[in-house]
Amino acid sequence: MAKTTIYCECGAPIVVVGRNRRDADAQARKLAGTAQCDACRRRAFDQKNAEALAASAGLPPLDGTARQVPWAASIRLEILPLFDTVPAAMLEGMVEEIAEFTAPERLEAARLELADALALIVTEFRAITDAEWWIESRNGASEYGVESLIRKELERREEILTPTVWNARREFLAAVR
Ligand SMILES: [Zn+2]
C-alpha cells in the first residue's frame, strides 16, 4: 500500500491509496484536476438537489453557466423563505421610522404604500433568473441580509414606490435646513 496526496480545487488535500507507489502515483495522475474532497462533493450534491427542488417547486430555471446555475439554485433556496417573512417583520419598524417625519394623517397612506412596495420588491426578486444575481446576493442569506437587499431597492425607488414617504421626507428635510 502506498499513498499520494493530490489537491481538490478548493485546496483541500485528498489522499489517493494504491497497491504500491507506482499504482498510487498513476491513480493520482488520473484523478488530478477532477477529484473532489468530501466537502466539495457534498456541496455539489446539495446543489444538484437544489436544482431539482426548485424545478419541482415551479421556480423559473436560472440563466448562467453550468458552474453558476447549481450554486445559484442552492442560494436561491436559502433566500426565498426569507422573502416570505422579512417584509412583514420590516414593515412595523419602517412605519415607526417614517412616523418621525410624516404627518399623522398621512401615516396610513404611507404604510399602505410601504406594504405594497415591499410586496412588489420581493415578487420581483423571486422572479430573477440571473444566476449571477443570486450568487452576488449570497451574503444576503440571512434576515439581516435580505432586509438590506430590500431596503437598498426601496431607497433607490422611493420616489415612485412610496411617494408619500418621499414627499414627507423632503418636506421634513427642507424644514430643518
Ligand atoms: Zn474541495
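Rule-based calculations on the coordinates, nothing more; no lab input. This structure is a prediction, so every number in the text was calculated from the model and none was measured. Quick reminder, even Gly has a Cβ in these numbers, built from the backbone with ideal geometry, and neighbours come from all protein chains shown.
So that you can scan it fast, the table gives a plain yes or no per residue for (1) buried (at least 17 other Cβ atoms within 10 Å of the Cβ); (2) closer than 25 Å to GLN68 by Cβ:
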residue	(1), (2)
THR102	yes, no
GLU136	no, yes
SER142	no, yes
PRO163	no, no
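With the condition kept exactly as written, say whether any residue in segment 8-29 is surrounded by 15 or more Cβ atoms within 10 Å (Cβ to Cβ), of a type outside the set (A, V, I, L, M) and in contact with a Leu (Cβ under 8 Å, 6 or more places away or on another chain). Checked segment 8-29: no residue is surrounded by 15 or more Cβ atoms within 10 Å (Cβ to Cβ), of a type outside the set (A, V, I, L, M) and in contact with a Leu (Cβ under 8 Å, 6 or more places away or on another chain). Is it true that LEU53 is touching a residue at least 40 places away in the same chain (Cβ under 8 Å) and among the aliphatic types (A, V, I, L, M)? No: the conditions fail for LEU53.
Within the group PHE83, PHE125, which residue is out of contact with any His (no Cβ under 6 Å at 6 or more places or on another chain), closer than 30 Å to ALA44 by Cα and touching a residue at least 60 places away in the same chain (Cβ under 8 Å)?
Numbers: PHE125 fails: touching a residue at least 60 places away in the same chain (Cβ under 8 Å).
It is PHE83.
Quick check on segment 15-27. Is at least one of its residues within 14 Å of the ligand (Cβ to nearest atom) and without any contact (Cβ under 8 Å) to a residue 60 or more places away in the chain? Checking segment 15-27: at least one residue is within 14 Å of the ligand (Cβ to nearest atom) and without any contact (Cβ under 8 Å) to a residue 60 or more places away in the chain.
Within segment 55-68, is even one residue within 18 Å of the chain's Cα centre (by Cα), within 16 Å of the ligand (Cβ to nearest atom) and either in a helix (DSSP H, G or I) or within 18 Å of ARG138 (Cα to Cα) (or both)? Looking for residues that are within 18 Å of the chain's Cα centre (by Cα), within 16 Å of the ligand (Cβ to nearest atom) and either in a helix (DSSP H, G or I) or within 18 Å of ARG138 (Cα to Cα) (or both), one finds at least one in segment 55-68, hence yes.
Is it fair to say ASP46 is within 16 Å of the ligand (Cβ to nearest atom), closer than 28 Å to ALA127 by Cα and in contact with a Ser or Thr (Cβ under 7 Å, 6 or more places away or on another chain)? Don't jump to the end; show me each part of the working.
Details: within 16 Å of the ligand (Cβ to nearest atom): yes; closer than 28 Å to ALA127 by Cα: yes; in contact with a Ser or Thr (Cβ under 7 Å, 6 or more places away or on another chain): yes.
So ASP46 passes the test.
Take the conditions (1) touching a strand residue (DSSP E or B) at 6+ places or on another chain (Cβ under 9 Å); (2) more than 30 Å from ARG42 (Cα to Cα); (3) aliphatic (A, V, I, L, M); MET90 misses just one of them, which is (1). Looking only at residues in segment 104-134 that are closer than 21 Å to ARG156 by Cβ and in contact with a strand residue (DSSP E or B) (Cβ under 7 Å, 6 or more places away or on another chain), which one is surrounded by the fewest Cβ atoms within 10 Å (Cβ to Cβ)? It comes out as ASP130.
The set of residues in segment 24-43 that are among the polar types (S, T, N, Q) and touching a Cys at 6+ places or on another chain (Cβ under 6 Å) contains only GLN36.
What's the total number of residues in segment 39-63 that are over 25 Å from GLY11 (Cα atoms) and either in contact with an Asp or Glu (Cβ under 8 Å, 6 or more places away or on another chain) or not hydrophobic (A, V, I, L, M, F, W, C) (or both)?
Looking only at segment 39-63, we keep the residues that are over 25 Å from GLY11 (Cα atoms), and these are 51-63.
With either in contact with an Asp or Glu (Cβ under 8 Å, 6 or more places away or on another chain) or not hydrophobic (A, V, I, L, M, F, W, C) (or both) added as a condition, the list becomes 51, 56, 58, 60-63.
Matching residues across segment 39-63 total 7.
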